[in-house]
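To start, the structure under review is shown below, and the notes come after it.
The values are calculated or read from the model by the stated rules, or taken from the named source; none is laboratory data. Remember, it's a predicted structure, so these values are computed and weren't measured experimentally. Here the Cβ positions follow ideal geometry from the backbone for every residue, glycine too, while neighbour counts run over all protein chains shown.
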Amino acid sequence: MARPKMLKLPEVLEEIGMSRAAFYRMRARGQAPRLVKLPNGHLRVRRNDLDDWLSNLDSPAY
């Protein structure tokens, strides 16, 4: 079984086009993709969690 792809926070921020501060504000409101804290303290986002979060955004752009 392959391990899921884990993205570093800067990779996530670049992909979604968001600043770190804006991401943490969304996280504080419970509106950001789930973060995984590794034993060394580094933060990661699972690729499938990011994809699910992006597909479930409730305000489409017209």
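Each residue in the range 43-55 was checked for being at pLDDT below 95 and not in a helix (DSSP H, G or I), and 1 pass.
Residues in the range 16-28 that are surrounded by 13 or more Cβ atoms within 10 Å (Cβ to Cβ) and either of a type in the set (A, V, I, L, M, F, W, C) or touching a residue at least 24 places away in the same chain (Cβ under 8 Å) (or both): 16, 18, 22, 23, 26.
If the condition is being out of contact with any Phe, Trp or Tyr (no Cβ under 9 Å at 6 or more places or on another chain) and part of a helix (DSSP H, G or I), then the range 11-42 contributes 11, 14, 15, 20, 21, 22, 23, 24, 25, 26, 27, 28. Picking from residues in the range 29-44 that are surrounded by 10 or more Cβ atoms within 10 Å (Cβ to Cβ) and under 13 Å from the mean Cα position of the chain (by Cα), the one that is nearest to residue 8 (Cα to Cα) is 44.
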